[in-house]
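Step one of this worksheet: look at the structure below.
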Amino acid sequence: MSNPLAPGSLADTRALVTGSSRGIGADTVGYLAEAGAKVVVNYRNKAKRAEQIAEKVVAAGGSALAVGADLTDHDSVQAMVDTVVQEWGGIDLLVLNASGGMESGLGEDYALRLNRDAQVDMLQTAVPHMPAGSRVVFVTSHQAHFVETAETMDEYVPVAKSKRAGELALRELIPQLEAAGIEFVVVSGDMIEGTITATLLNRLNPGAIEGRRQEVGKLYSVSEFAAEIALAAVEPIPADHTKLVGDVSGFTQ
């Protein structure tokens with residue numbers, strides 16, 4: 001997958017991508033860095049993996065920081081933002097990519113704490129250090145974005161509802177963001193080939209990925225969806241603050 005962003009198009013942009021030590025977040029970081037952005041590779045517990053991504057960016061002539069933070073812990077989030085501000089002075093692009101909720105052993109309310117509460121806290125902690133002209137990109141799924149009007153797999157409903165709750169909570173902050181000159185957009189995609197969530201869902205519901213693929217004709221790969229997120233950093237903001245990636249006909253009928 002080639003980089004959809006022109007070289008140098010994000011020169012001097014300070015970008016923080018949550019959950020970027022692997023998968024969609026890691027590929028998004030790669031695209032942003034290649035376009036000239038300074039990138040923060042955020043991780044919860046995959047330090048070595050995040051550091052390797054940051055080292056690769058630096059080796060290619062870019063600027064990168066690998067910064068650990070548990071997004072459900074405010075002090076941890078504050079420490080990450082403080083580190084970025086100390087190093088680079090602020091944040092111009094915040095990509096809220098980290099999500100979860102299908103993990104075991106983290107409490108019944110973990111999905112809501114991560115996908116709603118932590119997203120709002122991350123944004124509000126970063127905003128004081130985001131100048132006018134900055135942008136926030138929230139990453140979600142069609143299964144979550146349309147959960148109120150379209151059916152999804154039973155195994156995913158709790159996560160979908162928590163992500164939708166997070167999206168709605170963030171949307172409530174749009175007037176506050178606009179007053180500060182900060183843009184906001186939601187990027188929503190279908191099941192993504194090769195992600196942990198898709199793999200877990202397919203394990204719980206064998207054939208789920210193939211069934212979804214046959215229904216829509218194509219499922220985006222990790223790199224393809226990351227490219228759409230990267231583009232959302234520079235594209236004009238839609239009037240409804242929403243970028244829908246791929247076919248959504250099955251969710252809107």
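The values are calculated or read from the model by the stated rules, or taken from the named source; none is laboratory data. Source: prediction; values computed, not measured. Quick reminder, even Gly has a Cβ in these numbers, built from the backbone with ideal geometry, and neighbours come from all protein chains shown. Ligands, DNA and RNA are excluded from the accessible area calculation, which covers all protein heavy atoms including side chains. Shrake-Rupley method; radii C 1.70, N 1.55, O 1.52, S 1.80 Å.
Taking 45 Å as R0, compute the FRET efficiency from the Cβ-Cβ separation of Met1 and Asp109 and round it to 0.05.
Here the calculated transfer efficiency is 0.80.
Over region 1-78, with the other protein chains present, what is the accessible area per residue in square angstrom, probe 1.4 angstrom? Spell out each step's value before the answer.
Numbers: 3590 Å² over 78 residues.
Accessible area per residue, region 1-78: 46 Å².
Amide H contacts under 5 Å for Ser141: Gly189, restricted to partners 5 or more places along the chain or on a different chain, H placed in the peptide plane at 1.01 Å from N.
How large a share of the accessible area of the chain, in percent, is made up of carbon and sulfur atoms when the probe is 1.4 Å and the other protein chains stay in place? Walk me through the numbers before you get to the answer.
Values: 5480 of 11280 Å².
C and S atoms contribute 49 percent here.
Less than 5 angstrom separates the built amide H of Thr242 from those of Val186, all sequence-distant by 5 or more or on a different chain. Relative to the compact-globule scaling 2.2 N^0.38 Å, provide the ratio for the alpha-carbon radius of gyration of region 53-178. Computed over Cα atoms of region 53-178, the ratio equals 1.15. GNM, the chain, Cα, under 10 Å: largest mean-square fluctuation among Val139, Val187, Val216? Of Val139, Val187, Val216, the most mobile in the Gaussian network model is Val216. Database remark: amide H of Val39 closer than 5 angstrom to the amide H of Ala15, Ser63, Ala64, Leu65 (H placed geometrically; neighbours at sequence offset of 5 or more, or on other chains; Pro and chain starts carry no H). State the percent of C-alpha pairs, over all pairs in region 1-58, separated by a distance greater than 13 angstrom. Of the Cα pairs, 54 percent sit more than 13 Å apart. Stretching the chain fully between Glu235 and Thr149 yields a gain of 28.2 nm (0.36 nm per residue, less the alpha carbon separation).
Given a cut-off of 30 Å, name the pairs among Lys161/Lys218; Lys48/Lys161; Lys161/Lys243; Lys38/Lys161; Lys46/Lys161; Lys38/Lys218 whose C-alpha atoms lie farther apart than that in the structure shown. Mind dumping the intermediate values first?
Values: Lys161/Lys218 24 Å; Lys48/Lys161 32 Å; Lys161/Lys243 19 Å; Lys38/Lys161 33 Å; Lys46/Lys161 27 Å; Lys38/Lys218 33 Å.
Check vs 30 Å cut-off fails for Lys48/Lys161; Lys38/Lys161; Lys38/Lys218.
Near Gly181, once Lys and Arg are set to +1 and Asp and Glu to -1 for all other residues with Cβ below 12 Å from its Cβ, the sum equals -2. Rg and Dmax of region 40-112, based on Cα coordinates, read 13.8, 44 Å.
In vacuo Debye scattering of the chain, one point per C-alpha: log10 I(q)/I(0) at q = 0.13, 0.15 Å⁻¹? Cα-only, vacuum Debye calculation for the chain: -0.77, -1.06. Over the chain, DSSP H runs of length four or greater, each weighted -39,500 (n - 2.57), average out per residue to a 222 nm ellipticity of -12000 deg cm²/dmol.
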